[in-house]
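Data first, discussion second: the structure below is written as C-alpha cells.
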Amino acid sequence: MDAALRSLLDWYAQVGVDVPDIAPARPSRKSASKPRTMRDAKPAAAKPTPKPREPAFKPLDAAPIAAKAKTLDELRAAINAYDAGVLSDGARQAVFSRGNPAADLMVIGEAPGRDEDIAGEPFVGRSGQLLDRMLGAIGLGADDVYVTNVINWRPPNNRNPEDHEIEMCRPFLNRHIELAAPKVLLLVGGVSLSAMAGVTGIMKNHGQWQEVNNLPALPIYHPAFLLRRPELKKEAWLDLLELRAKLIG
Ligand code: URA
C-alpha cells in the first residue's frame, strides 16, 4: 500500500474512525532474534535444518503486580520495572502521569507519542498543548487535572496499540484509577473510548456519558484529530461544557 495512504489510514484509526485492518507487521522481540554467525551459512543446495520456533513472548500478568501497589509511587515503580515486550523494548521509558493526583478529573488518553516518550510525561506535545488549552477554556488549570494514558509505552512507529497490549496494561490502569480516586473520567479519543467503555466510534459517541469503573466518563475528540479537523472544535466545545457542568455538579 502507498505509504501516504497507509499513514492517513493509520491516523484515522488512531482517532477512532473505522478503517480496514492495515496494521504493519510487528517487529520481532529483541531477545528472540539471535545474531547470525558463519556457522549459519549453508551451501545453496543443502536442505535447511528446521530451527525450533522461539516461544512467543508472554508478558507477566499485570493484575497481581498492580494489586500489590499501595500508592501511586509504588504503581509507577511497578510499571517502570515491568517487561511489556515490544512496547517496553521499543520505548525510551514508561510514561505514567502528570498533573494533580488529587484532582477530581482524570484524563485518559491513548498512548505516549514521540514527545511523551522523550519527556516521560503524557500529553506534552502539540496535542497535549491543545488539550491543556481546551481544559483551560472551561477553567481547568494544571492543578485541576490528572492525566494518563491507556498504554504506558510509546508503541513502535507510533502505531495503534493492539488489543492484547491494551489488555496487558489494563490492570495497571484500573489500579491507577483506584489509587487516584477521581470523580470523573475524560476519555480522550476513540482508542480510550473503546478500551475503557467498550464502545466504538468517537464520531457518534463523543459527548455521550459512559460509565467506567463506576465513574461517569465523557468521551471527547482527540486533540490530534481536532488539529486536523478544526471545524469539529464547535462540537468539542459543547462536550467541554458538558464536562464542566458535571464537575460543578
Ligand atoms: N496522545 C495521547 O493519546 N496521549 C499522549 O500522551 C500523547 C498523545
Worksheet item: Are any of the residues in the stretch 122-130 over 12 Å from the mean Cα position of the chain (by Cα) and more than 11 Å from the ligand (Cβ to nearest atom)?
Response: no
Worksheet, complete the sentence: Of the residues in the stretch 217-231, those that are within 17 Å of LEU135 (Cβ to Cβ) and surrounded by fewer than 15 Cβ atoms within 10 Å (Cβ to Cβ) come to LEU227
Worksheet item: Could you list, in sequence order, the residues of the stretch 63-121 that are in a helix (DSSP H, G or I), among the hydrophobic types (A, V, I, L, M, F, W, C) and crowded, with 16+ Cβ neighbours inside 10 Å?
Response: ILE65, ALA66, LEU72, LEU75, ALA78, ILE79, VAL86, LEU87, ALA119
Practice prompt. Inspect the stretch 22-37 for any residue being of a type in the set (Lys, Arg), modelled with pLDDT under 60, part of a loop (DSSP other than H, G, I, E, B) and exposed (fewer than 11 other Cβ atoms within 10 Å of the Cβ) and give the result as yes or no.
Written response: yes
Item to complete: Within the stretch 146-157, identify whether any single residue is without any contact (Cβ under 8 Å) to a residue 40 or more places away in the chain and surrounded by fewer than 22 Cβ atoms within 10 Å (Cβ to Cβ), and answer yes or no.
Response: no
Discussion item. Please go through (1) more than 16 Å from the ligand (Cβ to nearest atom); (2) free of Cβ contacts under 8 Å to residues at least 24 places away in the same chain; (3) not small (Gly, Ala, Ser) for ARG229 and return the number of the only condition it doesn't satisfy.
Written reply: (1)
Worksheet item: In the stretch 169-193, which residues are farther than 13 Å from GLY109 by Cα and either among the small types (Gly, Ala, Ser) or touching a Gly at 6+ places or on another chain (Cβ under 8 Å) (or both)?
Response: ALA180, ALA181
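The values are calculated or read from the model by the stated rules, or taken from the named source; none is laboratory data. All values reported here derive from a predicted model rather than from experimental measurement. As a convention, Cβ positions derive from the backbone with ideal geometry for all residues, glycine included, and neighbour counts pool all protein chains shown.
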